[in-house]
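None of the figures in this text is laboratory data; all of them are computed from the coordinates on show. Predicted model only: the values in this text are computed from it and were never measured. FYI the Cβ positions are ideal-geometry reconstructions off the backbone, even for glycines, and counts take in every protein chain you see.
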Amino acid sequence: MMKSTNMKFYILFSSFLLSVAVLHTTVADEEGDGEVSSPVSNLPFSDAVRVGRLLFLSGNLGAIPGTLKLAPGGIRGETRQTMENIKATLEKHGSSLGEVVKCTVYLADIADWSAMNEVYIEYFPVKPPARSALGVNGLALGALTEIECIATVSD
């Protein structure tokens with residue numbers, strides 16, 4: 001019971017923080033100081049939100065671009081596709097993997113941590129960003145992993 005309550009609180013709190021970031025950026029955008037990226041499809045979130053020189057990426061799944069279908073290959077395949085999706089989003093917004101300062105990794109099964117990490121480190125071979133990794137009770141589309149990042153953007 002306590003786990004469920006903590007998870008609900010975490011989801012509500014995360015939604016609140018994202019709402020504050022989007023609201024702040026929308027206000028900043030009207031002043032010419034920020035940038036909000038539209039969702040790739042009709043999903044109710046932006047793929048990235050820029051505040052000053054920081055770029056906040058929404059959580060990325062290992063979905064094949066343009067679809068809601070997860071990449072084959074289990075945790076390794078999904079992690080590789082997730083990282084490719086992150087790389088593309090960063091580049092679209094003038095950043096890169098080398099400018100990522102923090103990642104949060106969500107795993108449907110924390111036992112997949114080692115296998116996910118084998119792929120993840122390929123994308124950050126030198127000076128990896130700060131990172132948190134945690135096991136969760138389910139991800140969208142039945143995904144095995146979701147990764148969100150914060151990066152800097154050079155002007």
Non-local amide H neighbours of Ala133 (under 5 Å, H modeled in plane, Pro and chain starts lacking H): which ones? Val105
Run through the DSSP bridge list for segment 37-152 and note the antiparallel percent, rounded to the nearest 5. 75 percent
Would you mind counting up the charge near Ile86? Only other residues with Cβ under 15 Å from its Cβ, with Lys and Arg at +1 and Asp and Glu at -1. -3
